[in-house]
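The structure appears right after this line, and notes come after that.
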Amino acid sequence: MQPENELEKAMKGDINAFHSLFDTFKPELKSFLYRLLSDRNLVEDFYHDIFIKAFDKIKSYQGNSSFKTWCFSIASNLCIDYLRKRQRWSPENKENTKKVAESTPEIHQAFMKYASTAKEGEYEIREHIDFCFTCMAKTIEIEKQLSIILKDVYQFEVKEIAAILNYSTSNIKKLLLEGRKTLSTIFDRKCALVNKNGVCHQCSELNGVFNREQNQKEELLKIKLVKEAKKGNKEDLYSLRTELVKNIDPLNSNGTNLHELLMDVASYTAGEINESPFFKLKDLDGK
């Protein structure tokens, strides 16, 4: 008689076996949640809820998709329910956030002090490109956002995404095509790294504020996206951007805390949260 594997044990209610299985994709699931929710506290709450919900429903798991895909389906449905009640971001939100940060003395001062005193406020240009991708992805419909993040960042297959979102594979392909086209156009129009006429060069500007010792030109030239910008079309440049993004864990990178502060202000500016982020800035600033 063959010994039971972890999944068989979990399906019979063994919490330790279930925990062992769930832990195998814990970093991916948490970073996935963060890219959608943009709030570390919410990530922990959702992760806990997903664990409980998945364990409660484990007996209904039929094996039509992998256990990981099944759990990501639960996660995605919870996020969809939550995000449908929030304000979708506009492509101009990054510029609006900059104006809010610069025009609000308390926020501006807290950022400056945090950047100069907190070692967790390290800044790398490539991480800010990842931050920018998260912001821009929030400007498209939630199903397109999810499809793109699942495929281009976490490398799920189309049929797996179809199972996660309960869509047909043809619908997922359409969502990916339309979502990529929209994002490619936004980046081509806005990003100074890929188009010399782009209006946004925030990643370079912030380098001078948060990491003056880092040689901006040297760091930019290390990024393939920048080197290929002049000869690449916007679809190829989009692929290079996602290649960079999928190799960054937004919850455990050098500038995680700094970007969380930026994301709080961006969420507030977009109308996604009603409470001013200044209370959190003061806490993290050490005041």
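Scanning region 197-245 for residues that are modelled with pLDDT of 85 or more, in a loop (DSSP other than H, G, I, E, B) and charged (D, E, K, R) yields a count of 1.
Against the condition surrounded by 15 or more Cβ atoms within 10 Å (Cβ to Cβ), of a type in the set (Gly, Ala, Ser) and not in a helix (DSSP H, G or I), how does residue 65 come out, does it pass? In short, yes.
Condition check ((1) in contact (Cβ under 8 Å) with a residue 24 or more places away in the chain; (2) hydrophobic (A, V, I, L, M, F, W, C)) across all residues:
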| position | (1), (2) |
| --- | --- |
| 64 | yes, no |
| 74 | yes, yes |
| 77 | no, no |
| 92 | no, no |
| 95 | yes, no |
| 100 | yes, yes |
| 109 | no, no |
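The set of residues in region 179-201 being in contact (Cβ under 8 Å) with a residue 24 or more places away in the chain and touching a Lys or Arg at 6+ places or on another chain (Cβ under 6 Å) consists of 179, 184, 188, 199, 200. Here residue 75 does not fit the description of being touching a helix residue (DSSP H, G or I) at 6+ places or on another chain (Cβ under 6 Å), closer than 24 Å to residue 259 by Cα and assigned by TED's automatic domain parsing to the domain that holds residue 184.
Scan 87, 62 and give me the residue that is touching an Asp or Glu at 6+ places or on another chain (Cβ under 9 Å) and either of a type outside the set (A, V, I, L, M) or closer than 19 Å to residue 162 by Cα (or both).
Details: 62 fails: touching an Asp or Glu at 6+ places or on another chain (Cβ under 9 Å).
Unique residue meeting the criteria: 87.
Scan region 22-29 and give yes if some residue there is outside the structural domain of residue 130 (by TED's automatic domain parsing), touching a helix residue (DSSP H, G or I) at 6+ places or on another chain (Cβ under 9 Å) and of a type in the set (Val, Ile, Thr), otherwise no.
If we filter region 22-29 for residues that are outside the structural domain of residue 130 (by TED's automatic domain parsing), which is where we start, we get 22-29.
Cutting the leftovers down to touching a helix residue (DSSP H, G or I) at 6+ places or on another chain (Cβ under 9 Å) gives us 22, 24-26, 28-29.
Narrowing the set further to residues that are of a type in the set (Val, Ile, Thr) leaves 24.
Scanning region 22-29 turns up at least one residue that is outside the structural domain of residue 130 (by TED's automatic domain parsing), touching a helix residue (DSSP H, G or I) at 6+ places or on another chain (Cβ under 9 Å) and of a type in the set (Val, Ile, Thr).
Scanning region 247-264 finds no residues that are touching a strand residue (DSSP E or B) at 6+ places or on another chain (Cβ under 7 Å) and either modelled with pLDDT of 80 or more or among the hydroxyl-bearing types (Ser, Thr, Tyr) (or both). For region 21-57, filtered to residues that are within 17 Å of the chain's Cα centre (by Cα) and assigned to a loop (DSSP other than H, G, I, E, B), the residue that is surrounded by the most Cβ atoms within 10 Å (Cβ to Cβ) is 38. For region 174-190, the criterion of a residue being over 21 Å from the mean Cα position of the chain (by Cα), more than 25 Å from residue 97 (Cα to Cα) and either of a type outside the set (A, V, I, L, M, F, W, C) or surrounded by 15 or more Cβ atoms within 10 Å (Cβ to Cβ) (or both) is satisfied by at least one position. Sub-7 Å Cβ pairs linking a first residue in region 15-39 that is closer than 21 Å to residue 261 by Cα to a second residue that is among the aromatic types (Phe, Trp, Tyr), at least 6 apart or interchain, are 30/47; 32/154; 33/46; 33/47; 37/46, ordered by first then second residue. Selection over region 155-173 of residues that are under 18 Å from the mean Cα position of the chain (by Cα), without any contact (Cβ under 8 Å) to a residue 24 or more places away in the chain and surrounded by fewer than 16 Cβ atoms within 10 Å (Cβ to Cβ) gives a count of 0.
The values are calculated or read from the model by the stated rules, or taken from the named source; none is laboratory data. As the structure is a prediction and not an experimental result, all values here were calculated from the model. With ideal geometry, Cβ positions are generated from the backbone for all residues, glycine too; neighbour counts draw on all protein chains shown.
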